[in-house]
Amino acid sequence: MSFTKSASLKTGIGAVAVMALSACASTPEPVIGMASSTARADLGQQGYTQMRSTTYLLRASDQISINVFREPDFSMENVRIGVEGNVSMPLLGSIPAAGMTAAQFERAVAQRLTSAGLRSPMVSVNINEYASHLVTVEGAVGDPGVYAFQPGSRLSAAVAMGGGLARTARTEQVAVFRESPNGIMIAKFDYGQVQQGTMLDPILEPNDRVVVGTDGMSVFWQDFLTALPAFGVFATIGANALDSNNN
């Protein structure tokens, strides 16, 4: 009698475990064709886009190199744009850089060199590190943290950098917090739809914060499955104790 109950209990627990693991393994079926590029205003997605910018504007903390042809005294390797957006160059002083393209900054440096007495200076500027491009990924992901990303990366890239969705993730509740002139704006995305291609997978902006919601029921089942070995031990002890009492 007690053996039958114990076996039934273990069988039931095993079935629940298989069902829970099967549910976690499923992924949305992608929709064939063009992915959605429409921002949904009802979810706060105004201003989000899937279009990559064709130009890059320098930002504070970006690392650049400045090469002045045949003028090593004016050339600089791995110089960081300051928090105020300027670059300090020998003999030329502080030159605004943030908000300019690399080509525009090249012209600004050349103008300073011309004013300093250099004839027809040839300046080239390269971006070595997009250090201004950081995204915070937190919530129900495998490895929360702050990650550097390349310009043009998308929300899906942030989730991947964060170790992917955890089993406890609430996929329909992914929030992106973004700085705006009026404060922090929050947009909501259904990551299952993003994976299918039926919802916009937006381009990230520097200092975005991505928060993946947690499914309380999934947490319960994960804790339950984690506790199964201990539960099995207590069930066995209890069954043995019942057998002893019956004898």
- Message: Under the 0.36 nm per residue contour assumption, what length would be gained going from the current alpha-carbon distance of Glu172 and Ala110 to full extension?
- Response: 17.2 nm
- How many nm is it between the label spots at Glu138 and Ser94, if each spot is 7 Å from the Cα in line with the beta carbon? 3.2
- For each of Met76, Met122, Met217, count neighbouring Cβ atoms within 10 Å of the residue's Cβ, then give the residues from fewest to most. Met217, Met122, Met76
- Query: How far is it, in nm, from the label point at Ile184 to the one at Leu118 when both lie 7 Å from their Cα along the line to the Cβ?
  - Reply: 4.4
- Task: Once you have the Cα-Cα distance between Ser65 and Ala160, take 0.36 nm times their residue separation minus that, and quote the gain in nm to one decimal.
- Result: 31.2 nm
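So for the stretch 63-129, averaging the separation of alpha carbon pairs under 8 Å that are six or more residues apart and normalising by length, what relative contact order in percent results?
Taking the mean separation of contacting Cα pairs over the length of the stretch 63-129, I get 38 percent.
Using 1/(1 + (r/R0)^6) with R0 = 35 angstrom and r between the beta carbons of Glu77 and Thr27, what's the FRET efficiency to the nearest 0.05?
So the FRET efficiency works out to roughly 0.15.
We did not get these values from a lab; they are worked out from the coordinates using the rules stated. Keep in mind that what you see is a predicted model, and the values were worked out from it rather than measured. Every residue, glycine among them, receives a Cβ derived from its backbone with ideal geometry; neighbour counts consider all protein chains shown.
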